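One structure below.
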Amino acid sequence: MTKLFGGRELAARLAEQFPDLTLSSEEQYIVVPPADIEPIARFLRDDPQLDFKFLISVTAVDWLEYFEVVYHLQSLSKNHTAVVKTLTTDHDMPIVPSVVPVWQGAQLQEREIYDLMGIRFDGHPDMRRIFLWDGFPGHPLRKDFLSLPSGLQPGLQQFPRESVPEQSQ
Amino acid sequence: MPAEPYIVNIGPQHPSTHGVFRMRVALDGERIVDADMVMGYLHRSMEKLAEERTYTQNIPFTDRTDYLSAMNSNLAYCLAVEKLAGVEVPERAQVLRVIFAELQRIASHSMALGTFVNDCGAWQTPLMYMFRERERILDLFEMTCGARLTVNYMRIGGVSFDVPDEFMPAALSIVGELPQRIAEYEEMLLENEIILARARGIGVLTADQAINASASGPILRASGVAWDIRKADPYAAYNQFEFDIPVGTHGDCYDRFAVRMAEVRQSVRILEQALDVLPEGPVNVGLPLAMRPEPGEAYARIESPRGELGFYLVSDGGPAPYRFHIRSPSYINLTAMKDLVVGLSVADSIVILGSIDIVVGEVDR
C-alpha cells in the first residue's frame with residue numbers, strides 16, 4: 001500500500017536543507033513559495049530518502065484571488081507519495097517557474113495549464129497553447145471565464161432530488 | 001547547398017493516428033528531424049463541464065474520455081469521489097468492480113494489440129480475431145448494464161446493477177476459453193516476421209527516460225520497471241488476488257506489444273479467481289443522487305489499460321466539484337513521443353504511436 005509522505009514530515013525535511021525557506025504545511029501537503037519551486041523539486045527528486053523520481057501530475061486550481069499549482073509526486077522505489085503546492089501571487093498574469101528541467105513529464109501538463117488556466121511557466125522550453133488555437137480569447141478553466149452579468153452563476157444552485165438540511169435565514 | 005526540412009502532416013484524418021490526432025514532422029530526406037504533436041481536435045472541455053454538474057452526473061463524462069475502457073474510467077472517478085466523501089463500498093461491489101475492470105482490460109488490450117499489428121503491416125486479419133474476443137466481453141457488459149461502450153456502470157458507493165443470472169455461465173465460458181485463444185495469438189504474433197521486422201529495436205525508451213517522462217502502464221513496464229498500481233497501491237479488491245507484473249527488457253515497441261499480450265494472461269488469472277470468490281450481498285450503498293462532500297481534495301488513481309489514470313477532485317462544500325482534473329495516461333505518455341521518433345522514418349513513427357496506444361478522447365478530454 002502506498003504511504004503518503006505527510007506534509008509535516010516533508011516540511012521538517014525541507015527545513016533542514018533550505019533553512020531560509022518560508023513554507024507552510026498541512027497534514028496532507030506542503031505549500032512552498034513559487035520562486036523556490038525548482039531547487040525544491042530537484043532536491044525532492046535527488047534526495048535518496050525521498051526519491052520522488054516520478055511526477056504523477058501537475059495541475060492548477062483557481063481560487064479567484066490566486067492560483068494554486070498542485071504537484072503530485074511518487075517514489076517508485078520507496079512507494080510513497082507527496083503533494084506539493086505553490087500559490088501564485090497574481091491572478092491576471094500569474095508566472096511560476098517550470099519544473100520541466102527536473103521532470104520531463106511536466107512538459108505537456110504545464111502547456112495544458114497555460115492553455116486552460118493561463119498560468120505561464122517560466123523556463124518551459126515550448127510555452128504554447130495545446131488544445132485551443134492561438135488567438136482563443138481567455139483561458140476557459142478560470143472561474144471568471146464567461147461569468148454572467150449581474151453576478152449570476154451558470155448552472156443550478158440546488159439540484160433536483162437533493163436533500164439539504166434546512167438553513168436558518 | 002543545405003536543403004530545407006520537408007514538413008509532413010500525419011493526420012488528423014489518418015487511420016494510423018487512432019483518432020483525430022496530428023503529428024507534424026519535419027523530414028530531412030527519409031529521416032525525421034523534428035516532430036510536433038498537434039492535439040485538441042477532440043477537446044470537449046470536460047473539466048469545465050464537470051464543474052457545473054453533480055458528482056453523480058459526472059460519471060457518464062468519464063465514459064467518454066477513454067471510450068475503449070469506460071469501466072476503468074468510471075472506477076477511477078468513483079474511487080476519487082468515495083475518497084473525498086468517505087464512502088465505504090460493499091464487498092460484492094468491490095469484487096464486481098475488479099471483474100468488470102479486468103474484462104475491460106482484456107477488451108481494451110485486444111484492441112491495442114490488433115491495431116498495433118495493423119500499424120506494423122499485418123493487415124486486418126489479427127484485428128478481426130481480436131474483435132471476436134472483444135465482442136463477447138461487450139456482450140457481457142450489455143447484459144449487465146444495457147450498454148456496450150459507454151457503460152456508465154460504476155456508481156459512487158458501488159455499481160449500478162447486480163449481474164443477471166445468465167452472466168456467470170457466459171463469463172465462465174469466456175474466461176475458460178481465453179487461455180487457449182491467447183496461446184493461439186502468441187503463436188501467431190509473437191514470432192511473426194512482420195512484427196519482428198517492424199517493431200524490434202524501434203522506439204527504445206530506457207527505464208530512466210520513462211520514469212522522467214512520467215510514462216506509465218505498459219510503456220513503463222516494457223522499459224523494465226515493475227510498477228503496477230494494482231500491486232503498489234491496491235484499490236477495489238485487488239489485494240485479494242494473485243497475479244504477476246509482466247515486464248520487458250529492451251523498452252522497444254516489440255516489448256510494449258509483448259507486455260500487453262502477457263497482461264491479458266494475468267487478467268484472465270485475476271478473473272478466474274474473482275469469479276470464484278464473488279461474495280453475496282448488496283452491490284450499492286444507495287447514496288442520494290446529489291451529495292455535498294465536505295470541503296477538501298482527493299486524488300485517486302487506478303491502473304487503467306493505458307497507465308495511471310487519476311482523478312483530482314476539489315470540493316468547496318457545494319453539490320458540484322469545484323475542480324475536476326483528469327490525470328490521463330494517454331496524454332502524458334505522449335511526452336516522450338518526440339524523443340522517440342526523431343532520427344527514424346515516418347513508417348517507424350506510425351509503429352511507435354501504435355505501441356503507445358493512445359485514445360484521443362482521453363488525450364484531448
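Relative to the longest principal axis of the Cα atoms of chain B, the long axis of helix B:167-185 makes an angle of roughly 20 degrees. Per-residue ellipticity at 222 nm from helix content only, as computed over chain B with -39500 (n - 2.57) for each DSSP H run of at least four residues, stands at -14000 deg cm²/dmol. Note on A:101-109: average number of Cβ atoms from other chains within 10 Å of each residue's Cβ is 6. Here region B:45-364 is assigned +1 on the Cβ of each Lys and Arg and -1 on the Cβ of each Asp and Glu. Its dipole about the Cα centre then comes out at about 500 debye. In region A:1-121, the DSSP beta bridges split such that about 70 percent are antiparallel, to the nearest 5. The mean number of Cβ atoms from other chains found within 10 Å of a Cβ in peptide A:53-64 is 6, as a whole number.
Approximating the spin labels as points 7 Å out from Cα along Cα→Cβ, the A:L21-to-A:F145 distance works out to 3.2 nm.
Helix A:37-46 axis versus longest C-alpha principal axis of chain A: approximately 50°, rounded to the nearest ten.
Distance between the C-alpha centres of region B:77-135 and region A:1-21: 38 Å, rounded to the whole angstrom. Can you give the mean number of other chain Cβ atoms that lie within 10 Å of the Cβ atoms in peptide B:303-313? Mean inter-chain Cβ contacts per residue within 10 Å come to 1. Net charge in the neighbourhood of B:I350 (other residues with Cβ under 12 Å of its Cβ; Lys, Arg +1, Asp, Glu -1) is -1. Placing unit charges on the Cβ atoms only, positive for Lys and Arg and negative for Asp and Glu, gives the protein assembly as shown a dipole magnitude near 400 debye about its Cα centre. Applying 1/(1 + (r/R0)^6) with R0 = 22 Å to the Cβ-Cβ distance of B:Q240 and B:L149 gives a FRET efficiency near 0.15.
Take the Cβ atoms of B:L190 and B:A226, set R0 to 25 Å, and the FRET efficiency comes out at 0.75. Fully extending the segment from B:D162 to B:Y6, taken as 0.36 nm per residue of separation minus the present Cα-Cα distance, adds 50.5 nm. Under the criterion of Cα pairs below 8 Å and six or more residues apart, the relative contact order for chain B equals 27 percent. Ranked by the mean number of other Cβ atoms within 10 Å of their residues, highest first, the peptides B:58-70, A:79-91 come out as B:58-70, A:79-91. Among A:H124, B:H18, the order by Cβ neighbours within 10 angstrom, fewest to most, reads A:H124, B:H18. Would you list, by chain and number, the lysines whose Cα falls below 28 Å from the Cα of B:K338, excluding same-chain residues fewer than 8 positions away? Cross-link targets: A:K53. Cross-link reach is defined here as a Cα-Cα straight distance under 28 Å, omitting same-chain residues fewer than 8 places apart; for B:K48 the lysines meeting it are A:K85, A:K143, B:K83. Based on C-alpha pairs under 8 angstrom that are at least 6 apart in sequence, chain A has a relative contact order of 17 percent.
Among rounded, prolate and oblate, which fits region B:45-364 when a ≥ b ≥ c are the square roots of the eigenvalues of its C-alpha gyration tensor, a/c under 1.5 means rounded, and a/b larger than b/c means prolate? The shape class here is oblate.
Dividing the helix sum by the residues of chain A, where each DSSP H run of 4 or more adds -39500 (n - 2.57), gives a mean residue ellipticity at 222 nm of -6000 deg cm²/dmol.
Based on Cα contacts under 8 Å between residues 6+ apart, region B:1-57 shows a relative contact order of 25 percent. Here's the picture: a label point sits 7 Å out from the Cα of B:A183 along the beta-carbon direction, and within region B:84-114 nothing has its amide nitrogen under 18 Å of it.
In chain A, the longest principal axis of the Cα atoms and the axis of helix A:7-17 are about 50 degrees apart.
We did not get these values from a lab; they are worked out from the coordinates using the rules stated. What you see is a predicted model; the values in this text were computed from it and never measured. Here the Cβ is made from the backbone with ideal geometry for all residues, glycine too, and neighbour counts use every protein chain on show.
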